[in-house]
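The values are calculated or read from the model by the stated rules, or taken from the named source; none is laboratory data. For clarity, every value in this text was computed on a predicted model and none was experimentally measured. Note: ideal-geometry Cβ built from the backbone for every residue, glycine included; neighbour counts use all protein chains shown.
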Amino acid sequence: MTDLPSSVRIGFQDFTIDPYWETPAPANGEFRRDEGMIKYDSALPVQRVAATVLHEVIHGAWDMGRLGDGPDEEHAVTVLANQLAQVWRDNPELVAYLSEALGPRL
């Protein structure tokens, strides 16, 4: 299995991806814009880590898109992350195609 990358670019900004240092973690994950990081609970099973990191990346996209804070953000991000995780898991051919089509051009 491929290791989780140490960073991700969302919009114009790079964010480090790090496990929580607190025990127990206050949540499965957290997007920290001002600190430039995404935190996750490394004690979770691998599929939960992946879904959590995807969830936090979507929080980052929401934030970088200036969609604003509100009561609907957590619900919208959770639904999108869970549905995208399922599409990703169940459609490897689509993921391969998107990775190639959207990848860097040399």
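Miscellaneous remarks
- Subset tally (residues that are within 20 Å of Asp69 (Cβ to Cβ) and either surrounded by fewer than 17 Cβ atoms within 10 Å (Cβ to Cβ) or β-branched (Val, Ile, Thr) (or both)) for region 13-36: 8
- Residue check for Gly36: at pLDDT 95 or above and more than 25 Å from Met1 (Cα to Cα): yes
- Matching residues, region 90-106, being small (Gly, Ala, Ser) and surrounded by 10 or more Cβ atoms within 10 Å (Cβ to Cβ): Ala96
- Taking region 7-28 as the range and being at pLDDT below 95 and small (Gly, Ala, Ser) as the test, the residues that pass are Gly11, Ala25, Ala27.
- Note on region 38-69: among residues that are closer than 15 Å to Phe15 by Cα and charged (D, E, K, R), the one that is surrounded by the fewest Cβ atoms within 10 Å (Cβ to Cβ) is Asp63.
- Residues that are modelled with pLDDT under 90, within 24 Å of Gln13 (Cα to Cα) and loosely packed, with under 10 Cβ neighbours inside 10 Å do not occur anywhere in region 71-89.
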